[in-house]
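Please read the structure below before turning to the comments.
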Amino acid sequence: MERRDFIKTSGLISGAYALSGMSVLANSSISSTNVAPTDTYWLDGPMRWAQLAFVERDPGHYDPDFWLNYFKRIHADGALLSAGGIVAFYPTKIPLHHRSDFMGNSDTLGYLVEGCRKQSMKVMLRTDPHAARQNVYDAHPDWIAVTADGQKRRHWANPDLWVTCALGPYNFEFMPQINAEIMERFGPEGIFSNRWAGHDICYCEHCKRNFKTYAALDIPPKADKLDPTYRKWAEWRMKRLREVWALWDSGIRKQKPTSRFIPNGFPDKIMTGREADLFFADQQARRGLIPPWSNGKGAKELRSTLGLKPLIGIFSVGIEEEFRWKDSVQSDAEIRIWVAEGTANGMRPCFVKFGGDIFDKRWMESVATLYEGYHKNEKYLRNTAPMARVGLVYSEQTERNYGGKPWQQKSGDHLDGFYHNLVENRVPFDMVNDRLLTPDDLKRFKLLILPNIAALSDAQCKQLQAFVERGGSLVATFETSLYDEEGKQRSDFGLAGLFGVLYSQKVEGPMRNSYLRLQPNPDSQTQLILRGLGDTPRIINAIYKVNVTPTATFPSPVTLIPTYPDLPMEDVYPRVAQTDTRELYLRQVGKGRVAYIPGDLDRSFWQLLSVDHGQLLSNVVNWALDEEPVASVTGPGVIDVTVWRQDKSMTVHLVNLTNPMMMKGPFRELIPVEAGVSVQVPTGANVTGVSLLMSGQKPKFERNGNRITVVVPKILDHEIVALDLA
């Protein structure tokens, strides 16, 4: 399929969309006939973006030509520049739109826009509507957000400012004026709005009245996702934000049909995928215990709904911890790994620098090196199809509607556990949104992994059943399908027929000092499941488990050793040496395979990072996949592997995460590793050459049947193995 086939021109398509149990009516004045496909091809053009987020004192204090020269040096072909909202960086004529106190008679934004266009860059302009000054408060106090105790909300970081209500007149009446002025004056490719969706629950007079009209309810006193009133409020908020998006987008398109409104985030990825023609992902950097693959995870989640629409990854050169230091910079190694993860997973890089007057320039050489490498190899980064055969399912539906019981806390750890396991085991995989399970959505996958996807509708369960009937395989854990789409518990699993077990009405745990008994058997299935675990009779168990009753005959490679005391030391011995209670259920269903793990093994793996848990999960995945992976990688270290197809090539991205700081703190250095790579060549394709794009090498390669093997002598941060195909 050609790239432009993925550039949807419909934007906010007219009609009704099902969203979280409600119907949202799109703006019927906007239709796919407004813009011809050729008019929007610019969307797929820029590959390397630069964002300069002005601060108020930049006019007169920073050198715009310095930035224009830097943009040219790094081959940036898209610019995201601050325009207005909190501060206008051009001579605005709109009352209450605060113009920078430092601008004088100049046009800070206009000079930079003109300079970027002379360099043939596409220009996106940024607004920020989330805060306002005292004069706005004085003129329109009803535009200001209100806390639960009835107080107007001061800005948490700058008490001189007030926080605006995102769901009231400020966004519906004032900001459209600013958008119109920006479009008329500069004609950008689009407007990107930061912090447009509000902060916390607002109790202003407009929100109270509008929510009462919508739901005949008072706004809930606090955020509680299991509270029916809060759920109704969240539904209403989604509708209001959808209306803001439609209003702003339609106004922008009236002045320039090819332009777009791009929201900085939306609380529903399905709607984002449907309605955004391109998207900026604001995943700027690591903080706390976020692993370095998180940028790739965010990219995979968005791509699961966006397809191959352009996805731009905003990354910060500043420090993104809880207490932010925006005028200092991250280490070279940390920036390179974060960007590599995004690029490998289909994002186009966009650095963001807060403030045009630079205090610390150490980041600039690092970004220049990355961008120059990506520019040189641009044709290999214009992906036309992902090649992964494994899909890791994620569920916004479960996230919204599941929880409350002790064993349901930290439910996101199930997904992170399986994600990390697949990265560690170098399995090429993509993410799958659980509301996109049609045959067309799933046709490229052989295996779906469901890490405690607890809330599934009957229709979704039927879609998964059909996937297996077509020859697909499933791996599922814990309470997967035990709840419907609204979070109501079923009497049995919705996927009980696939699992071959019934729910025994109990979840057990936390299980202290419980184990999994490993029972070797000469059959090949058991040997694969216990590979790498053959020299021990048992490993630690998960922390919680669902009690189930089998309805079919199963092998027994993994069974339960129940909890026994871990203190006093004299009492630490098993009371029951072994049981016939299986903790892994494996079955062949037609041409597909199904593995059900009743324990929270994936979550336990993330929390404990047990080597044995990781090995067992990897073995189960390999058993269920039951085919050679599209790419396999050998050698030391932790390497994230992603595989793509382009018009005349195929690429294997290798991101080297090997580092003592992988799970905490910024990378201090990059530690190179060597790898052997084996790639499955598409049927009928002839490999005419192999290149290592980032190091510029032309390695020797061998072809054996339908596989190409090559040695990559050194992966520092990011290497791309490119196969040229005839």
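The values are calculated or read from the model by the stated rules, or taken from the named source; none is laboratory data. Note that the structure is a prediction, hence the values are computed from the model and not measured. A quick note on method: Cβ atoms are made from the backbone with ideal geometry, for glycine too, and the neighbour counts reach across all protein chains shown.
Of all residues assigned to the range 601-617, none qualifies as being touching a strand residue (DSSP E or B) at 6+ places or on another chain (Cβ under 9 Å), aliphatic (A, V, I, L, M) and part of a strand (DSSP E or B). Looking only at the range 188-244, residues that are surrounded by 14 or more Cβ atoms within 10 Å (Cβ to Cβ), among the acidic types (Asp, Glu) and in a helix (DSSP H, G or I) come to 2 in all.
Within the range 164-177, restricting attention to residues that are crowded, with 20+ Cβ neighbours inside 10 Å and closer than 15 Å to THR127 by Cα, the residue that is nearest to the chain's Cα centre (by Cα) is ALA166. ARG274 fulfils the conditions (1) under 21 Å from GLY78 (Cβ atoms); (2) touching a strand residue (DSSP E or B) at 6+ places or on another chain (Cβ under 8 Å); (3) not assigned by TED's automatic domain parsing to the domain that holds SER193 except for a single criterion, (1).
Against the numbered list (1) out of contact with any strand residue (DSSP E or B) (no Cβ under 6 Å at 6 or more places or on another chain); (2) in contact (Cβ under 8 Å) with a residue 60 or more places away in the chain, LEU437 comes up short only at (2).
The residues of the range 104-163 that are at pLDDT below 95 and over 34 Å from the mean Cα position of the chain (by Cα), listed by number, are GLY104, ASN105, SER106. So, of the residues in the range 178-208 that are under 28 Å from the mean Cα position of the chain (by Cα) and among the β-branched types (Val, Ile, Thr), which turns out to be nearest to GLY110 (Cα to Cα)? Top of the filtered list is ILE191. Scanning the range 250-267 for residues that are within 22 Å of ALA234 (Cβ to Cβ) and surrounded by fewer than 20 Cβ atoms within 10 Å (Cβ to Cβ) returns ASN264, GLY265, PHE266, PRO267.
Please verify whether the range 673-684 includes one or more residues that are over 17 Å from VAL710 (Cα atoms) and assigned to a loop (DSSP other than H, G, I, E, B). Yes. If LEU502 passes every condition in (1) within 15 Å of THR581 (Cα to Cα); (2) buried (at least 16 other Cβ atoms within 10 Å of the Cβ) but one, which one does it miss? Condition (2) is where LEU502 drops out. Here LYS93 qualifies as in contact (Cβ under 8 Å) with a residue 24 or more places away in the chain, surrounded by fewer than 21 Cβ atoms within 10 Å (Cβ to Cβ) and closer than 12 Å to ILE178 by Cβ. With respect to THR526, is the statement that it is buried (at least 18 other Cβ atoms within 10 Å of the Cβ), outside any strand (DSSP E or B), among the β-branched types (Val, Ile, Thr) and in the same structural domain as LEU560 (by TED's automatic domain parsing) true? Yes; evaluated as a whole, the condition is true for this residue. Residues in the range 614-634 that are touching an Asp or Glu at 6+ places or on another chain (Cβ under 9 Å) and over 15 Å from ALA476 (Cα atoms): GLY614 only.
Check the range 134-141 and report whether any residue there is assigned by TED's automatic domain parsing to the domain that holds ASP200 and of a type in the set (S, T, N, Q). Yes, because at least one residue in the range 134-141 is assigned by TED's automatic domain parsing to the domain that holds ASP200 and of a type in the set (S, T, N, Q). Residues that are over 22 Å from SER691 (Cα atoms) and surrounded by 20 or more Cβ atoms within 10 Å (Cβ to Cβ) within the range 626-669 comprise ASN659, PHE667, listed in sequence order. Screening LEU518 on (1) surrounded by fewer than 19 Cβ atoms within 10 Å (Cβ to Cβ); (2) at pLDDT 95 or above shows it passes everything except condition (1). A count restricted to the range 622-641 and to residues that are touching a strand residue (DSSP E or B) at 6+ places or on another chain (Cβ under 6 Å) and outside any loop (DSSP other than H, G, I, E, B) stands at 9. Among the residues of the range 454-489, which ones are surrounded by fewer than 16 Cβ atoms within 10 Å (Cβ to Cβ) and either part of a loop (DSSP other than H, G, I, E, B) or of a type in the set (A, V, I, L, M, F, W, C) (or both)? Once the filter is applied, which keeps residues that are surrounded by fewer than 16 Cβ atoms within 10 Å (Cβ to Cβ) and either part of a loop (DSSP other than H, G, I, E, B) or of a type in the set (A, V, I, L, M, F, W, C) (or both), the range 454-489 yields ALA459, ALA466, ARG470, GLY471, GLU486, LYS488.
The residues of the range 407-453 that are polar (S, T, N, Q), touching a Lys or Arg at 6+ places or on another chain (Cβ under 8 Å) and surrounded by fewer than 24 Cβ atoms within 10 Å (Cβ to Cβ), listed by number, are SER411, ASN433.
Which residues, taken from the range 685-709, are in a strand (DSSP E or B), among the polar types (S, T, N, Q) and more than 21 Å from ALA344 (Cα to Cα)? Matches in the range 685-709: THR688, ASN704. When each of GLY150, GLY85 is tested for being more than 30 Å from ARG382 (Cβ to Cβ) and touching a Ser or Thr at 6+ places or on another chain (Cβ under 7 Å), the lone residue that passes is GLY85.
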